[in-house]
Amino acid sequence: MKVEGKVAVIGGGNVAIDAARAALRLGASEVAILYRRERADMPAYVEEIDEAEAEGIAIHTLVAPRGIVVKNGKAAGVECARMSLGKFDKGGRRTPEAIAGSDFVVDADLVIAAIGQTPDLSWINGDGVKAAKGGTVEVNVKTLATAAEGVFAAGDNVRGPATVVEAVGDGKTAAMAIDLYLGGDGRP
């Protein structure tokens with residue numbers, strides 16, 4: 001895949017950093033990350049943020065996207081507002097608040113949204129599968145079985161945002177538990 005022109009990535013986590021770095025490596029002329037809090041609040045690994053900046057990726061903090069600017073049916077930019085930090089939220093971080101009259105546009109030919117990872121649990125309907133705190137699926141931590149007979153869950157659905165390695169490990173754990181459930185020996 002070839003990426004051309006300017007790219008704007010919305011978000012501040014590891015996925016946003018990965019998307020920005022990949023876009024640059026795939027040919028983008030400029031890449032900017034737009035994040036609504038301060039750099040210190042970015043959930044991405046600090047070394048990844050540092051490396052992205054060293055590669056030439058611009059990180060705009062205290063910026064909140066408001067919409068995509070479209071011209072001739074294509075992205076042309078991201079409409080943003082500058083933010084200030086207000087009161088502390090439940091997580092101990094200050095809540096970003098838009099500064100009136102501070103709107104501006106970041107030029108972009110491609111916009112990548114990399115914000116938040118939360119499993120869609122709308123399918124849970126009282127059949128024994130339950131939602132845990134944090135918006136994940138509740139499971140037995142050793143077998144990854146839910147409370148519903150024969151239903152297993154793994155990866156981000158159970159852990160929340162995590163690494164691919166952890167998701168693959170969960171898949172292996174669940175596969176062995178499913179094999180045992182189906183009458184096998186539960187060994188890989």
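Inside the stretch 81-113, residues that are among the β-branched types (Val, Ile, Thr), open to solvent by 50 Å² or more (accessible area, probe 1.4 Å), assigned to a strand (DSSP E or B) and under 14 Å from ARG36 (Cβ atoms) make up a count of 1. Taking the listed residues ARG36, ARG25, the one that is in contact (Cβ under 8 Å) with a residue 60 or more places away in the chain, basic (Lys, Arg) and more than 23 Å from ARG159 (Cα to Cα) is ARG36, with no other qualifying.
Please specify each residue of the stretch 1-13 satisfying the condition of being without any contact (Cβ under 8 Å) to a residue 60 or more places away in the chain and within 18 Å of the chain's Cα centre (by Cα).
If the condition is that a residue be without any contact (Cβ under 8 Å) to a residue 60 or more places away in the chain and within 18 Å of the chain's Cα centre (by Cα), then GLY12 is the only one that fits.
Can you pull out the residues in the stretch 157-188 that are open to solvent by less than 60 Å² (accessible area, probe 1.4 Å) and under 30 Å from ALA16 (Cβ atoms)? Within the stretch 157-188, VAL158, GLY160, ALA162, THR163, ALA167, GLY169, ASP170, GLY171, THR173, ALA174 meet the criteria. Tallying residues that are outside any helix (DSSP H, G or I) and either surrounded by fewer than 15 Cβ atoms within 10 Å (Cβ to Cβ) or aliphatic (A, V, I, L, M) (or both) within the stretch 24-42 yields 9. Among residues of the stretch 81-114 being among the aliphatic types (A, V, I, L, M) and in contact with a Pro (Cβ under 9 Å, 6 or more places away or on another chain), the one that is nearest to ALA16 (Cα to Cα) is ALA113.
Okay, residues lined up against (1) of a type in the set (A, V, I, L, M); (2) farther than 27 Å from ARG36 by Cβ; (3) touching a Lys or Arg at 6+ places or on another chain (Cβ under 7 Å); (4) not in a loop (DSSP other than H, G, I, E, B):
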{"site": "VAL141", "(1), (2), (3), (4)": "yes, yes, no, no"}
{"site": "ALA148", "(1), (2), (3), (4)": "yes, yes, no, no"}
{"site": "ASP179", "(1), (2), (3), (4)": "no, yes, no, yes"}
{"site": "GLY183", "(1), (2), (3), (4)": "no, yes, no, no"}
{"site": "ARG187", "(1), (2), (3), (4)": "no, yes, no, no"}
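The values are calculated or read from the model by the stated rules, or taken from the named source; none is laboratory data. What you see is a predicted model; the values in this text were computed from it and never measured. Here the Cβ is made from the backbone with ideal geometry for all residues, glycine too, and neighbour counts use every protein chain on show. Ligands, DNA and RNA are excluded from the accessible area calculation, which covers all protein heavy atoms including side chains. Shrake-Rupley method; radii C 1.70, N 1.55, O 1.52, S 1.80 Å.
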